[in-house]
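Below is one structure, written out as structure tokens, with a few remarks after it.
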Amino acid sequence: MMSLTKRLFLIVLVLGALGAGVFLYFRLYPERRAHELVLYGNVDLREVAPAFYDNGPITKILVEEGEIVKKGELLATIDDRRYAASLTQAEGNLDNQGAVLKKLLNGSRPEEIEEAKKTMEALKTTALNDEVTWTRYLRLVPANAATLQQRDDARASYESTWKQYEAAQQAYILALKGPRIEDIDAARAAYEADQGAVALARHELADTRLDAPSDGILEDRILEVGDMASPSSPVFTIALLNPLWVRAYVDERDLGRVALGMRAFVTTDSFPGRRYAGWVGFISPTSEFTPKTVETPELRTALVYQVRIFVCNAKNELRLGMPATVTIPLPQPSPPKPPPGCVPANATAR
């Protein structure tokens, strides 16, 4: 059994140690707060849920859950036969209309002009000969050397041949002038419309392929091969990893010491001793009550401001929801808000 004196000695020793600890805490804590601000939060990131732009049954899925995907990487395809046929039809119409436009732009060929000229000259010769015949019958009828019917037939033949000559003459003039500007403009407009139809058909065919919109990790495969895809049905969920951020909260007393662009460092329990460089990228303009998952019941009623500390996760070590500690060295000059990207120049990892 421990004697009463020893018990009293141990009690005094414990109370003395506690008193010294309290004294040192209140002596050193203000000094620590003057040199850094420590916040606690969780790793957060953005997600995208890509979907096909067109409708159709899924024919291939090329990635599995947990795989790292790169922007532009092919993820899945749908049945493209209908869209390929539409493209073939549109390209055929474009080729046909292109030939029509080219013909109009080239105008009449020399051979066509020469043929029109010869036709015109032949009809003119025939018309002049018919005119001579009709004139002869005009002199023979009064002498009863020809009938009235012969005279009238000769006149009709002359008038018909002369009209044919005039038509051939106009055809020769049109061959020399070439197509009308209005016809060329109409053909060009039809050709441009067919070009648009081909571009649309190609775009629709390309939409049968689903490419990764950004670098990230495939979290979920929502649809499978054979499912009917549509623009309203996401196929995957992809977590975007760079940059990600830590969502933390700062109280009103420390709000004035935090500014956009200030460098910060993030640590986690999963990787002791490793610090990730980042910067303050967002400060909420409005206050809110401390989230119930963050603090004790006594502090849940306190008003705080949400901040986001952006971090580059090149090694893929920070995961969604991971608890994290944020350390902001103080004091710091108030830097301007950094542009989108990785880590600002003054936020280097140590």
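The values are calculated or read from the model by the stated rules, or taken from the named source; none is laboratory data. Source: prediction; values computed, not measured. All Cβ positions, glycine included, derive from the backbone under ideal geometry; neighbour counts span all protein chains shown.
Worth a mention:
- Neighbours by Cβ (under 7 Å, 6+ apart or cross-chain): first from the range 90-102, in contact (Cβ under 8 Å) with a residue 12 or more places away in the chain and under 12 Å from Ala197 (Cβ atoms); second surrounded by 13 or more Cβ atoms within 10 Å (Cβ to Cβ) and among the hydroxyl-bearing types (Ser, Thr, Tyr): Gln97/Tyr191
- For the range 106-125, the criterion of a residue being of a type in the set (Ser, Thr, Tyr), in contact with a Leu (Cβ under 8 Å, 6 or more places away or on another chain), over 30 Å from Asp54 (Cα atoms) and in a loop (DSSP other than H, G, I, E, B) is satisfied by at least one position.
- Counting only strands (runs of 3 or more DSSP E) that sit wholly inside the range 177-281, those with at least 2 residues that are in contact (Cβ under 8 Å) with a residue 60 or more places away in the chain and under 27 Å from Lys70 (Cβ atoms) are 209-211, 216-221, 236-251.
- Criterion violated by Ile61 - all others in (1) more than 30 Å from Thr161 (Cβ to Cβ); (2) more than 24 Å from the chain's Cα centre (by Cα) satisfied: (2)
- For the range 303-310, the criterion of a residue being at pLDDT 65 or above and outside any strand (DSSP E or B) is satisfied by no position.
- Condition met for Glu111 (without any contact (Cβ under 8 Å) to a residue 24 or more places away in the chain and closer than 30 Å to Ala187 by Cα): yes
- Count of the range 145-157 residues which are surrounded by 14 or more Cβ atoms within 10 Å (Cβ to Cβ), part of a helix (DSSP H, G or I) and at pLDDT below 85: 4
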